Each structure stands twice: as structure tokens, then as C-alpha cells.
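Presented below is the structure to which this report refers.
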Amino acid sequence: MTDGGGASRTEASRRQVGMHLLGEAVHEFAEATHDYPRLLEVVARRVSETIGDVCSVMLLSDDKERLEAATFYDRDPEVARQYAFAAARSISMHEPSVARESLRSGQPVCVPKFDIQQFRERTTPESYELHRRLGVHGILVVPLRVRQEPVGTISIVRYRPGHAPLDEIDVEIATSLASHAALAITNSRLLQRAQGEADRRVKAEAALVESERLRRAEQDVVRANRFLDAIIENIPDMVFVKEASGLTFTRFNRAGEELLGLKREGLIGKSDYDFFPRSEAEFFIKKDRETLAGKMLVDIPEEPIQTARGKRWLHTKKVPILDGEGTPIYLLGISQDITERRAAQRELLEAKEAVEAANLELEAFSYSVAHDLRSPLRAIDGFSQALLEDYGPKLEGDGRDYLQRVRASAQHMAELIDDLLTLSRVTRAEMRRERVDVSDLARTIMARLQTVAPERRVEVVIPDGLAGSGDPGLLGVVLENLLGNAWKFTSKRKEARIEVGATHQDGAKAFFVRDDGAGFDMAYASRLFGVFQRLHHVNEFEGTGIGLATVQRIVKRHGGRVWATGEIDRGATFYFTLAEEVTAHE
Amino acid sequence: MSERTILLVEDNPNDEALTLRALKKSNILNPVVVARDGAEALDYLFSRGAHQGRKAGNPELVLLDLKLPKVDGLEVLRQLRTDERTKLLPVVVLTSSVEEQDVMRGYALGANSYVRKPVDFNQFVDAVKQLGLYWLVLNQRPPNP
């Protein structure tokens, strides 16, 4: 189809073919509109194929100062390449040229019989050489214009031998192609510009979205920080953060300000040396370095600190804060003011020491009482007895009776002393807890009581396997007192019954000692366990009134309780429980 | 029997008189030497000081109070038990104290018996009678060193 200018063809048929090719070209232009570089190629190729041989598209620069080569086409790519290399890439609009002439006039310029020698002066040596070598014989330049506006030019060069000279039909078809091409190029440029605009708009929008996202993220960070600040701010302990290298404060909370009596504005950026005595500051810094070097929490149970309110004591924990690579960047400190607690502990310790000292004193006192008070009593009793034995017959009237009373009183006082010593001993004695066979303990005590008065008829009921958890010695004192009482208060019965057992009271095991002796009036039950409280007259039943107080003290030391039920002349039952754990010392 | 002396270590004159009376009432007729403090007791036992030149030989039995002037009873006991001559001498601690620690230390230092003096004189006489029967009659004492 490139031989459009064949001599055998009629003008009509050439026009027909031209129109046909034009139609195809326009179609292809439209298709390529959206792709500007391709469109330029399509234009050059179509023009070359329709009119031939080499086609170059020159476009007017934005400032309209120059025509610039956009694309070259020849069906021989080598020729197109040589053209692209040698032909003028740019033609000034200020100098005369065929292209400028055509563009300014808006008319095609056709040189059917091209004289290379004339061209020589108007072009570069490379261009001249190329045209000469190819044997160019015709040139046609058509303007590219849209509504009088210059867009560029299309240059057509014929060099192939045998290709007919350019004629009016060629010019006609080239002009038509050029007008469509100009339109397509303008459209494509508009499209490109619109596209660029749209892209810019999309990009701008995306940027806007991104900046909004960043703003939100920043807000979130601010909110999270504020949240953390609020927490740190309201922690009742001093919280501070130091940066790892210089150990200067970067953060400080309210409790810290109150503790030190300093405002954080004065603290931030400063170090311990700015506020505390040198030795204290050195200690703090030493612990900081230890924490950062070890990358581990360091606990300082007690450290003194000089504050505006005087010397305080702190319990401090120091924690290293590491970055992603594990390098410490901050030091977090949390300090609890333990001044009051520490003072209370001291007081407690002093009180404890005082109690221990008092106990030691009491022990010495008890020893004295035991030894020194009994000695004169022995003399009173012993010499009364000597008097009775040696001078009894010489005594008249109530003399012997009086001496008996002196002896009885001395012996009673000795009992009182012994019972008081036992009472004080059960309070002081170290208590251990172990499994105690209560049945066995009770039987041993009953057997001892029975040896003292073997003539008495007492039925003793003690089941096997009664067991409790407590101090064996102290539980022995409890049972001795309770069984001793039962024995004593049944002494006026011809036949008596004493029972030891266990029952359940409020979910706890309660041991009991029951007798059918003299009993007591429940109205006085509350007085049973008081020291020196007695419900019977001395001439009825002897006793010191200390035994049950001792029982209660021992049971309490075991964390249990003791109580009794009874009725006059119908006996009494004494109950006691033993908590599993010692709750408190009296 | 006249050679079989009893050494009573007692500082209280009342207790001394009562103990002597109790011994007499128990028909224990052995001679009794009374030392009125721990130092005197040691002097007697080791034949020194005021008792220098005492005829050698241990008493048959020592009745030892714990609370004594100068050297207390437990110290007397300790020294007796560390000396070869008196290591095996029967010693009965006769005292007012039933403080657990005294009883424990008394036995730990090698007391042969530990008896608390009862306030009731009749009971005291009973106790002394039993002690005398046991330590002076029934017990086979080690030969004098």
C-alpha cells in the first residue's frame, strides 16, 4: 500500500485508497489517544506508510520558541535510527526553515524535485550527509494545527528510487492526515494533562488521608501518654525516670514532689548531686549504675534521703528500661516512703524487747518467790509442829488448835504461791504444738489422784483415742486442774463418777470433764475462770481459786475457749477447745 | 555408823534446825557436818582452808541447797563432779526451787536426787526418812577413793 503514487493508478483510485487509509489511520489515532508517546509513533508510521518514505514529527515547544523532533519513522528501522541520530533534533522558530514556513503559513510546503545542494547551506553537515547518501529526491512538510493554533509539523522525505515524485494528491492526503493527527495529538495532550491533574488530585487526596491518619495516630499517642501520665501522676509512691547516660531526671510524679518538697520543674534535667548530700547522691547513683549494668531490678529495702521535710526512709525499686536492642536507655525508680512504718517497727521491736526484759525480771521474781517465800513458811510450819510435839502436853485450852491453824495457813499459803507460779509459768512458757494423747494423759492423772485416796469409790470413764493438738506439758496442767476439781468436788459422795470425753461444739472438737459432784450455780458461771474467784467456802472445799484461771490462760494460748455448765448438787461439766493454729500470744 | 558423816550445805539457820530435827526424827544418827555456804562446803570436801588437815575421806552423803552465799549449789556440784576424789560422791539436791531449769541443770551436773523441801513439816520428815533409808541403808556406795 506504500506505493500509493504508482503511475498506472488513476487519480480517483489513488484518492479512494488514500481515503481508505485515512479512515484506518484516524481510527488508529483515536485508539492511541490515551497513550501519547504511542500516538506520536502511530502518526509517524501511518504518514510514512501512506505517503512515504521517512516521516518525522516535530512539535512546537511550550514556549513556542522551537520545533522539537518527537519521532522518526521509516519502514527500514536502520534508516529511522540514522535519521534520529543525524537529523536536526530542534529547529529554532527565529531562523528561516521549511518547517517554520509551513507552520507560520498554515500551508503545506512541497518540494517534489529536491536539490540536495540547495539544502546544504540550510542544514547541519550530518543531516546533509545523510540526505545526500540516501539520495533524497522529494520533501513535503505539512503543518499540524488545530483551529489556527500551531502544534508542530510533519516532514516527509522521499528517497527510494522508483518512488514517484510528490504530487497534489500526496499533499491532499498528507494534509488530511496532519489535521487528524494534530487533533489527536492535542486531544491526547489534553487527556494527558487531565490525567496528570487527576493523578495529582488522587495523590493529594492520598496525602491528605495519610496526614489525617498520622494526625490520628499522633492523637492516640498523646492520649495514651496522657493516660499513662495520669496513672503515674496518681500513684501514691514516688515515681521517677532518669535517662541512662547522665542519670538526670526526665520524669517525676506528684508523690515524688510531695516527698522531696521540690517542684518537678526544678528537678527535670538535674541529677541527684543537685539535691542531696554527696554521700546520699553517691549511693543513689551507685544503685542506678548497678541496675543499668545488670539490666535487672534492684531492690533497696531501706535507704535514707534528705528532704525538705527532714530525713525520710524509702523502700526503692529500680528498673532498667531497655530499647529494642536491649541497651538500657532509662532508669525507672519507684520509692515507697516507709518512714512511719519503719518507726512503728522500731517501736514494736523496742516494745518486744521491753516485754522480754520484763519477762526476764518476772522470771527472776518468780524464782525469788518460789525460794524465799517458801522458806519462812517452812519455818512457821516446822517450828509449830516442833512446838506441838515437844510442848503439846503443856499447852492449854485452844493452844493446840491455834498451832494447827498456824500450820494450815502456812500450808495454804504455800499452795497459793505454787499455783501463782504455775499461772505465771504457763503464760511465759515456750509453747510447742504436737499430737497429745488426751486419754493417756487423763488416765495417768486419775491414777495419781486415786493413790492419794485409795479408799474412795469413783467410777472413771475415759474412752480410748482422745487426741488433741497442743503443748503436752500445758495440756497436762489443764487436765490436772479439771480432774483435780472433779475429784475434789465429788469427795463428799459415797460413790462418784468422773467422765472425760470429746464432743462437737460449733464445728470444733471440744473436750470435756464431767463429774456428778457439788456442781455450781450457773448464775455465777462467769466468775469461774477469774483469779482468786471461788464459788465454795474454804471449809467446804479447799482451794486457791487460781486453777481455773490457769486453765483458761492455757486454753487461750492454744487459741481455744473454755466454758462450763453445772447445777448445784448435780455436778459440773467443763469444756475446752484447742484451735489447730496458735493465733496470738496473750 | 559414826564415821559415816552427812554433809549438810545450808545457809538458812531455820532450815538447818528443821533438817537436823527431821534427821533425828527419822532415826538417822549419822554425824552431820554443816557448811553454811558453797565455799565452806568445798573447803570441807577438799580439806582446805578452815578444814585443812581434816582426816581424808568423803562424807556418806551430801544434802545440798542451791541458793547459797559465795558459791552457789550448782557450782559446788560442778566442782565435785570434775574432781576425781568426789566424782562419785552421792549428792542430793535439797532445795525450795522446782524451777524446771534448776532441776534440769542439777541433774545435768550429776545430782543423784533432786528433792524439793515441802512446807508441811510432816511431809519433810517423810522425805528425809526415805532419803536416809535409800542413801544410807539400801544404796551400795562406791568404795572411797
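Of a type in the set (S, T, N, Q), at pLDDT 85 or above and surrounded by 13 or more Cβ atoms within 10 Å (Cβ to Cβ), is that true of A:S127?
So A:S127 does not fit the description; no.
Quick one: is A:L39 surrounded by 14 or more Cβ atoms within 10 Å (Cβ to Cβ), touching a residue at least 24 places away in the same chain (Cβ under 8 Å) and either touching a Lys or Arg at 6+ places or on another chain (Cβ under 9 Å) or closer than 20 Å to A:V157 by Cβ (or both)?
no
Pairs under 6 Å by beta carbon, first residue within 23 Å of A:A164 (Cα to Cα) in region A:111-129, partner of a type in the set (K, R), six or more apart or different chains?
A:I116/A:R132; A:Y128/A:R120
Sort through A:A357, A:A410 and tell me the only one that's at the interface with another protein chain (Cβ under 8 Å from one of its Cβ atoms) and farther than 30 Å from A:G468 by Cα.
A:A410
Taking interchain pairs and intrachain pairs at least six residues apart, which have beta carbon atoms under 6 angstrom, with the first residue in region A:357-379 and more than 9 Å from B:S96 (Cα to Cα) and the second in a helix (DSSP H, G or I) and among the hydroxyl-bearing types (S, T, Y)?
A:S366/A:S424
Kindly list the number of the only condition in (1) modelled with pLDDT of 90 or more; (2) outside any helix (DSSP H, G or I) that fails for A:G324.
Here A:G324 meets the rest and fails (1).
Tell me, which residue of region B:53-107 that is in contact with an Asp or Glu (Cβ under 7 Å, 6 or more places away or on another chain) and within 13 Å of chain A (Cβ to nearest Cβ) is modelled with the lowest pLDDT?
B:T95
Which of the numbered conditions does A:E282 fail, given that it passes all the others? Conditions: (1) buried (at least 17 other Cβ atoms within 10 Å of the Cβ); (2) more than 22 Å from A:I321 (Cβ to Cβ).
(1)
Starting from region A:338-355, keep only residues that are under 22 Å from A:G310 (Cβ atoms), then list their pairs with residues that are among the polar types (S, T, N, Q) whose Cβ atoms are within a distance under 9 Å, requiring at least 6 positions of separation or different chains.
Short answer, once both residue conditions are applied: A:I338/A:Q345.
Considering each residue of region A:422-452, count those that are at pLDDT below 85, part of a helix (DSSP H, G or I) and either touching a strand residue (DSSP E or B) at 6+ places or on another chain (Cβ under 6 Å) or closer than 30 Å to A:K509 by Cα (or both), and give that number.
Adding up the residues that qualify gives 7.
Does B:A111 meet the test of being among the hydrophobic types (A, V, I, L, M, F, W, C), within 16 Å of the chain's Cα centre (by Cα), within 14 Å of another protein chain (Cβ to nearest Cβ) and outside any strand (DSSP E or B)?
no
Given the structure, is A:D390 closer than 25 Å to B:D120 by Cα, in contact (Cβ under 8 Å) with a residue 24 or more places away in the chain, of a type in the set (D, E) and assigned to a helix (DSSP H, G or I)?
no
Is it the case that A:G266 is within 28 Å of A:G324 (Cβ to Cβ), surrounded by 11 or more Cβ atoms within 10 Å (Cβ to Cβ) and of a type in the set (G, A, S)?
For A:G266, the condition - within 28 Å of A:G324 (Cβ to Cβ), surrounded by 11 or more Cβ atoms within 10 Å (Cβ to Cβ) and of a type in the set (G, A, S) - is not met.
Which of the residues spanning region A:58-88 are touching a residue at least 24 places away in the same chain (Cβ under 8 Å), more than 13 Å from A:I156 (Cα to Cα) and of a type in the set (S, T, N, Q)?
Across region A:58-88, the qualifying residue is only A:Q82.
Given (1) part of a helix (DSSP H, G or I); (2) under 23 Å from A:T175 (Cα atoms), where does A:R81 come up short, assuming only one miss?
All conditions are met except number (2).
Quick check: is even one residue across region A:42-57 without any contact (Cβ under 8 Å) to a residue 12 or more places away in the chain and over 60 Å from the mean Cα position of the chain (by Cα)?
no
Could you look through region A:146-185, keep only residues that are of a type in the set (G, A, S), under 17 Å from A:C110 (Cα atoms) and outside any helix (DSSP H, G or I), and pick out the one that is modelled with the lowest pLDDT?
The residue in question is A:A164.
How many residues does region B:1-45 contain that are within 14 Å of chain A (Cβ to nearest Cβ), of a type outside the set (D, E) and not in a loop (DSSP other than H, G, I, E, B)?
Final tally of qualifying residues: 11.
Would you confirm whether any residue within region A:534-547 is assigned to a loop (DSSP other than H, G, I, E, B) and under 60 Å from the mean Cα position of the chain (by Cα)?
The answer is no, given that none of the residues of region A:534-547 is assigned to a loop (DSSP other than H, G, I, E, B) and under 60 Å from the mean Cα position of the chain (by Cα).
Could you go through region A:23-31 and let me know if any residue there is small (G, A, S), farther than 21 Å from A:P150 by Cα, surrounded by fewer than 16 Cβ atoms within 10 Å (Cβ to Cβ) and free of Cβ contacts under 8 Å to residues at least 24 places away in the same chain.
Yes, because at least one residue in region A:23-31 is small (G, A, S), farther than 21 Å from A:P150 by Cα, surrounded by fewer than 16 Cβ atoms within 10 Å (Cβ to Cβ) and free of Cβ contacts under 8 Å to residues at least 24 places away in the same chain.
Evaluate the following for B:R36: is it among the basic types (K, R) and modelled with pLDDT of 90 or more?
Spelling it out, B:R36 is indeed among the basic types (K, R) and modelled with pLDDT of 90 or more.
Are any residues in region A:548-566 assigned to a strand (DSSP E or B) and touching a Phe, Trp or Tyr at 6+ places or on another chain (Cβ under 6 Å), and if so, which ones?
Answer for region A:548-566, where residues must be assigned to a strand (DSSP E or B) and touching a Phe, Trp or Tyr at 6+ places or on another chain (Cβ under 6 Å): A:V562, A:W563, A:A564, A:G566.
Residue-by-condition table, conditions (1) buried (at least 18 other Cβ atoms within 10 Å of the Cβ); (2) free of Cβ contacts under 8 Å to residues at least 40 places away in the same chain; (3) over 30 Å from A:A408 (Cα atoms):
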position	(1), (2), (3)
A:S469	no, no, yes
A:N481	yes, no, no
A:K488	yes, no, no
A:G517	yes, no, no
A:Y524	no, yes, no
A:R527	no, yes, no
A:H558	yes, no, yes
A:T565	no, no, yes
A:T577	yes, no, yes
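Considering only residues that are in contact with a Leu (Cβ under 9 Å, 6 or more places away or on another chain), under 26 Å from A:Y367 (Cβ atoms) and assigned to a loop (DSSP other than H, G, I, E, B), which ones fall in region B:46-89?
Selection gives B:D65, B:L66, B:V71, B:D72.
Please give the number of the condition A:D390 fails out of (1) within 11 Å of chain B (Cβ to nearest Cβ); (2) surrounded by fewer than 18 Cβ atoms within 10 Å (Cβ to Cβ); (3) within 18 Å of A:D418 (Cβ to Cβ).
(3)
Quick one: would you say A:E363 is part of a helix (DSSP H, G or I) and within 14 Å of chain B (Cβ to nearest Cβ)?
Yes; evaluated as a whole, the condition is true for this residue.
Given the structure, is A:A453 farther than 30 Å from A:K556 by Cα and within 14 Å of chain B (Cβ to nearest Cβ)?
no
When region A:305-333 is examined, which residues are found to be among the small types (G, A, S) and buried (at least 18 other Cβ atoms within 10 Å of the Cβ)?
A:G333
The values are calculated or read from the model by the stated rules, or taken from the named source; none is laboratory data. Please read all numbers here as calculations on a predicted model, not as lab measurements. Here the Cβ is made from the backbone with ideal geometry for all residues, glycine too, and neighbour counts use every protein chain on show.
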